[in-house]
Amino acid sequence: MNTLKHILARYTAWLWALLKPLGIWGVFVIAAIDGSFLGLPMDAVVAGYVYQDHRRFLLYCLLASAGSAVGSGILYAIGYAGGETLLRKRMSQARFEKIHRSFDQHEFWALMFPAMLPPPTPFKLFILAAAAFEMNFGHFLLAIFSGRFVRFLILSLLTMKYGKDVVNVVGGLFRTHLHLTLGVVGAAAMIALLVRQTRRKKKTT
């Protein structure tokens, strides 16, 4: 256990040493790398930036969300070329069909809501799915940006109130109460969808 803590401490120190010369753009760069191919502790990075500088928390949320969207564009390109084959190799036929239906019905929400969830959500599979099912690229970027922004905004507010250790608390709650978390997010999704449809009907009448 002590060895693991030592490794994590050294890794954290190395990561912050790497980010320091980049200033506020460090959160954008890390988010872009995380979104593209190499998974990095984005929640911890965002929480660290916000903890050290409360005043610019909104800027950090915007930069991290934009970086994640831009980096995910690389995976989108890979998925567009052969994403369906990759997906079929990594999931059951039933799950593949379920995700396919969700993108056919509400592609924006089908990508935005997974983008809101912290690890261990297999978000990169949803990115590949969006590309394989030929989601509009502009909608793709907006969905990821929106989902990530909601996630990082909530994390930032919690960090300012309880400190950067809130990352571990939130991660633990998510892993322990996965179904409850997904239920809450699903309920929020339905409410947002109903509000949006109601507004559209009012505009057309």
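The values are calculated or read from the model by the stated rules, or taken from the named source; none is laboratory data. A quick note: this is a predicted structure, and the numbers were derived from the prediction, not measured. With ideal geometry, Cβ positions are generated from the backbone for all residues, glycine too; neighbour counts draw on all protein chains shown.
Scanning the range 105-135 for residues that are without any contact (Cβ under 8 Å) to a residue 12 or more places away in the chain and more than 16 Å from M42 (Cα to Cα) gives a single hit, Q105. In the range 3-24, the condition of being out of contact with any Pro (no Cβ under 6 Å at 6 or more places or on another chain), crowded, with 21+ Cβ neighbours inside 10 Å, modelled with pLDDT of 75 or more and over 19 Å from V150 (Cα atoms) is met by no residue.
Applying the criterion of being under 24 Å from L58 (Cβ atoms) and charged (D, E, K, R) to the residues of the range 101-152, the residue that is modelled with the lowest pLDDT is R151.
Could you tell me whether L58 is modelled with pLDDT of 75 or more, out of contact with any Phe, Trp or Tyr (no Cβ under 8 Å at 6 or more places or on another chain), among the hydrophobic types (A, V, I, L, M, F, W, C) and not in a helix (DSSP H, G or I)?
Details: modelled with pLDDT of 75 or more: yes; out of contact with any Phe, Trp or Tyr (no Cβ under 8 Å at 6 or more places or on another chain): yes; among the hydrophobic types (A, V, I, L, M, F, W, C): yes; not in a helix (DSSP H, G or I): no.
No; evaluated as a whole, the condition is false for this residue.
When every residue of the range 78-87 is checked against the conditions, none turns out to be part of a helix (DSSP H, G or I) and modelled with pLDDT of 85 or more. Do we find a residue being free of Cβ contacts under 8 Å to residues at least 40 places away in the same chain, within 18 Å of G35 (Cβ to Cβ) and buried (at least 22 other Cβ atoms within 10 Å of the Cβ) anywhere in the range 59-78? Yes, some residue in the range 59-78 is free of Cβ contacts under 8 Å to residues at least 40 places away in the same chain, within 18 Å of G35 (Cβ to Cβ) and buried (at least 22 other Cβ atoms within 10 Å of the Cβ).
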